Amino acid sequence: MKIIQSTEQKNLLILHLTVIVWGFTGILGALISIDAVQMVWYRVLIASVSLFAYFMLSKTDIRISKKQFLHFFFTGSIVAIHWIFFFHAIKIANVSVSLICLSSVTLFTAILEPLIKNHKISRGDIFIGLLIILGIYLIFKFETNYTSGIIFGLLSAVAAALFSTINSTLVQKSTPSIIGFYELSGAFFWITLYRLFDQSLATETFNLSLMDWFYLFVLGTICTALAYVAGVGVMRTLSAFRVALITNLEPVYGIVLAFILFGAKEQMTGGFYAGSLLILAAVFLYPVYKNRKNKA
């Protein structure tokens, strides 16, 4: 019993550290000087290579069927859109706005999942959704300077909700880390196609500053590949409810880190914080409501 409790506590600590790392991605997005498309291109390239190296060292069999490959590869395009919109929102607004808008993924998942899986939307989902919509309205009303950033942040959340819903089906038949590897590789492929189309890849010199390379390496390895493997690993001993509840701390950790590092740039109006509290309250209430509903 003590061994089980010790393992659970260890995984709980790992999960909190992983969520802090996820929250830190927004900080890196603000620190890296290149644009969102170029940044995500480097991120998925580094992450894909890192995961491939991990699989080779751990002697993991990554062979999948052609059908699975196509599913993962095309889902990777949605992952790419999600990250590009998220980092673009940071570039034109700030970290706090982007992270709070990303929290609305709960709302969009509650809408998209029943549509994709042909389920009914429950009253509880509607109530949680209304709280988030009210929070978004308050942020739009009081943060007019960041309207474009808010829109891209919300579009990022829609993309995240879409690929999360798709993955919730795919994960039933495949290992999450392998899904992640092929989706990241797919994201790299689709962004490369886009960069060939807009001719930005033809002028790519790889001549970035030393700090940009360092931040990109941290983003691709620690914040993407390592965090992904760690996040999947803890699910063996922690309940889905507990994982969901702690994962919701990502915007909280991210905003606190952004405020510490960037100070005045991250200071917002009272309306923003009121809207943020509503969204975060809804986000934390959602897994509690789902857990009680499942038990009932």
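The values are calculated or read from the model by the stated rules, or taken from the named source; none is laboratory data. What you see is a predicted model; the values in this text were computed from it and never measured. Note that we place each Cβ from the backbone using ideal geometry, even for glycine, and neighbour counts take in every protein chain shown.
Details
- Contact map, the stretch 1-18: first residue over 24 Å from Asn248 (Cβ atoms) and at pLDDT below 80, second residue outside any helix (DSSP H, G or I) and hydroxyl-bearing (Ser, Thr, Tyr), Cβ cut-off under 8 Å, separation 6 or more or different chains; pairs are Ile4/Thr237.
- Condition met for Gly180 (within 19 Å of the chain's Cα centre (by Cα) and touching a residue at least 40 places away in the same chain (Cβ under 8 Å)): yes
- Residue check, Lys67 among the charged types (D, E, K, R) and either assigned to a helix (DSSP H, G or I) or at pLDDT 95 or above (or both): yes
- Within the stretch 154-182, the set of residues being among the aliphatic types (A, V, I, L, M) and within 18 Å of Val234 (Cα to Cα) comprises Val171, Ile178, Ile179.
- Answer residue from the stretch 164-215, given it is assigned to a loop (DSSP other than H, G, I, E, B) and in contact with a Leu (Cβ under 8 Å, 6 or more places away or on another chain) and is nearest to Val229 (Cα to Cα) among those: Leu208
- Long-range neighbours under 8 Å by Cβ, at least six apart or interchain, first residue at pLDDT 85 or above within the stretch 252-267, second surrounded by fewer than 16 Cβ atoms within 10 Å (Cβ to Cβ): Phe259/Gln267
- One residue stands out in the stretch 50-71 among those that are in contact (Cβ under 8 Å) with a residue 60 or more places away in the chain and under 23 Å from the mean Cα position of the chain (by Cα): the one that is nearest to Thr221 (Cα to Cα), namely Ser50.
- One residue alone among Phe163, Phe181, Phe197, Phe189 is surrounded by 12 or more Cβ atoms within 10 Å (Cβ to Cβ) and more than 26 Å from Phe24 (Cβ to Cβ), and that residue is Phe189.
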